[in-house]
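The values are calculated or read from the model by the stated rules, or taken from the named source; none is laboratory data. All values derive from a computational prediction rather than experimental measurement. We place every Cβ from the backbone using ideal geometry, glycine too, and count neighbours over all the protein chains shown. Note: accessible area is taken over every heavy atom of the protein model, side chains too, but ligands, DNA and RNA are not part of it. Shrake-Rupley method; radii C 1.70, N 1.55, O 1.52, S 1.80 Å.
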Amino acid sequence: MDDKPNSEDLNENSEHLFSFGVIADIQYADLEDGFNFQGTRRRYYRHSLLHLQGAIEDWNNESSTPCCVLQLGDIIDGYNAQYNASEKSLEVVMDTFKKLKVPVHHTWGNHEFYNFRREYLTHSKLNTKFLEDQIEHHPKTMPSEDYYAYHFVPFPKFRFILLDAYDLSVLGMDQSSPKYQQCMKILKEHNPNMELNSPQGLSEPQFVQFNGGFSQEQLNWLNEVLTFSDTNQEKVVIDKWQCSRVPASLVSLGHQLVLGEPTAGK
């Protein structure tokens, strides 16, 4: 006997609590159409702005307005850096987002770090940490300034957590910093290729230069937040860039939904 609930019954009987928007890989650039790194998929750099405008129009016209929008990273394309157009392209996209009637929470992907140093992003409009929720009497749920992560409550008993998937990465780092040296050491230990962006021959293909990872410090913080949510019977949505290699700590609890992007290319 199948005990699974009928989807039609769920739609009829379920109460609508709230909604939120999700968008990823805008990868805007004021350039002619091109292709991804592998040359297998066409990219419409200018046209991507029209898709964003259409999404914003739809969200603004929803009968039940979304509480927020999650922007999952790669907001502009890495090619902007080659044409010294990073700041200008980011300004174009952020001006478009101003038309949205609800808050936007930004996540950082590899293309953010192709264009900007981490220090720049920390002081830019892509840092939406000011929207975070602070849990009184639980100081361990406060994230460190050493990584870009935070949590917020869009609706009672629901907690959203944004993670920094490039906490450990050579991208966007000062090459003289200890953290950069640590990340490069890890990368070369697992990737003997001359081209560190190539996964060729790797048993663990996530060890490429355009990827990133979580520090133990960030995972410890995440565990504190999840423990609080578990204790208080909160549903949790985890927002992170990439879903290629999810740590066990992210999937150990059954009440979570992980939002991210597959690692399909650079």
- Message: Could you report the accessible area of ASP25 in Å², rounded to 10, computed with a 1.4 Å probe on the protein chains as they sit in the structure?
- Response: 70 Å²
- For the chain, with the dipole built from +1 on Lys and Arg beta-carbon atoms and -1 on Asp and Glu ones, taken about the Cα centre, which of CYS183, HIS105, GLY212 lies farthest toward the positive end? CYS183
- Residue pairs, from the table LYS179/LYS240; LYS125/LYS235; LYS129/LYS240; LYS99/LYS140; LYS88/LYS125, whose Cα atoms sit over 24 Å apart: LYS125/LYS235; LYS99/LYS140
- Treat each spin label as a single point 7 Å out from the Cα along the C-beta direction, and report the LEU202 to SER14 distance in nm. 3.7 nm
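Quick check: at a probe of 1.4 Å, how many percent of the accessible area of segment 1-136 sits on carbon and sulfur atoms? Write out the running numbers ahead of the final one.
Working: 3850 of 8240 Å².
The value for segment 1-136 is 47 percent carbon and sulfur by accessible area.
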- Relative compactness, the chain, computed as alpha-carbon Rg over 2.2 N^0.38 Å: 1.06
- Rounded, prolate or oblate: which fits segment 18-131, taking a ≥ b ≥ c as square roots of the Cα gyration tensor eigenvalues, rounded meaning a/c under 1.5, else prolate when a/b beats b/c? oblate
- Given a 1.4 Å probe, how much area per residue of the chain is accessible, in Å²? 56 Å²
- Given only helices, namely DSSP H runs of n ≥ 4 each adding -39500 (n - 2.57), what is the per-residue ellipticity at 222 nm of the chain, to the nearest 500 deg cm²/dmol? -8500 deg cm²/dmol
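May I ask you to rank CYS67, CYS183 by accessible area, largest first, using a 1.4 Å probe over the protein chains only?
Listed by decreasing accessible area, they come as CYS67, CYS183.
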